[in-house]
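Encoded as structure tokens, the structure appears first; notes follow it.
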Amino acid sequence: MTTHNDPFASAAEAGDSKETGVYFGKVSVSATYCQLVKGTGRIPWTESDDPATRRTEVRIVLNPIDAMNQTRMVERTMIAENKDWREVTWPSIRDLGLKSPRDLEGKYTRLELVKTGRTYTNKQGQMREETCVKFTHLFENEAAATAAYWNKPVAQAAPQTGTPVAPAAAPVNDPERLTALQFLPALVKNAGGDRTALASMIAQMPLISKFFTVDSPEVAALFGKVA
């Protein structure tokens, strides 16, 4: 089989890739026993097989939050007896205060794909750097994960007194305002019909609060769709 190496094609593929190495989303995790057979790969392990051949396969799937605009799940399958799990993935889970990998199920988290230093050849004959999963944060819900994704502290909004001051008016075609407007649907969705939560989320995001409040017509229109 002949492999055609085209650096321009590789550049286009890299540019189209959504894998930034850092992801926010909801985790699903499963584990099963397997055995590794040379020339075949992983096959199921049963109680009738030699206990010395038993390995633990952990499958991690992260469904990215809507704000990431990802079209694919992040999936990794790891062997728990291997170095990557023992020295990177499991310690990162334990450091978050979890007692078992199953405690990750349904949690919103931030994970990184950490380079292992090894390489492999994919189905297209291209050399790739191998990565494993490292968890860095847990979040109470999707709204908190979304706020963290926009690199804003997840904290209580400062108490307000009196009537909220509306942001200064800006031209409707102002580029920065248009960018802020694009983020509103995700915030409104994550608020889930809770006006107070929505107001708090907007207040924590200067890019948004510079142009909009919970009472802005654009926000009210979106809020009405999910109320």
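The values are calculated or read from the model by the stated rules, or taken from the named source; none is laboratory data. Just so you know, these numbers come straight off a predicted model, no measurement behind them. Positions of Cβ are backbone-derived with ideal geometry, glycine not excepted, and every protein chain shown enters the neighbour counts.
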Worksheet item: Is it the case that PHE211 is under 18 Å from ASN151 (Cα atoms) and modelled with pLDDT of 80 or more?
Response: no
Discussion item. One residue is enough: does the range 45-57 have a residue meeting the conditions of a type in the set (Gly, Ala, Ser), at pLDDT 90 or above, within 24 Å of TRP85 (Cα to Cα) and assigned by TED's automatic domain parsing to the domain that holds THR109?
Written reply: yes
Worksheet item: Of the residues that make up the range 167-187, is at least one at pLDDT below 80 and of a type in the set (Asp, Glu)?
Response: yes
Worksheet entry | Sole residue being surrounded by 15 or more Cβ atoms within 10 Å (Cβ to Cβ) and not aromatic (Phe, Trp, Tyr), chosen from ASP49, ASP95, ASP84 | ASP84
Discussion item. Being under 19 Å from the mean Cα position of the chain (by Cα), modelled with pLDDT of 90 or more and of a type in the set (S, T, N, Q) is true for just one of ASN82, ASN141, ASN69. Which residue is that?
Written reply: ASN141
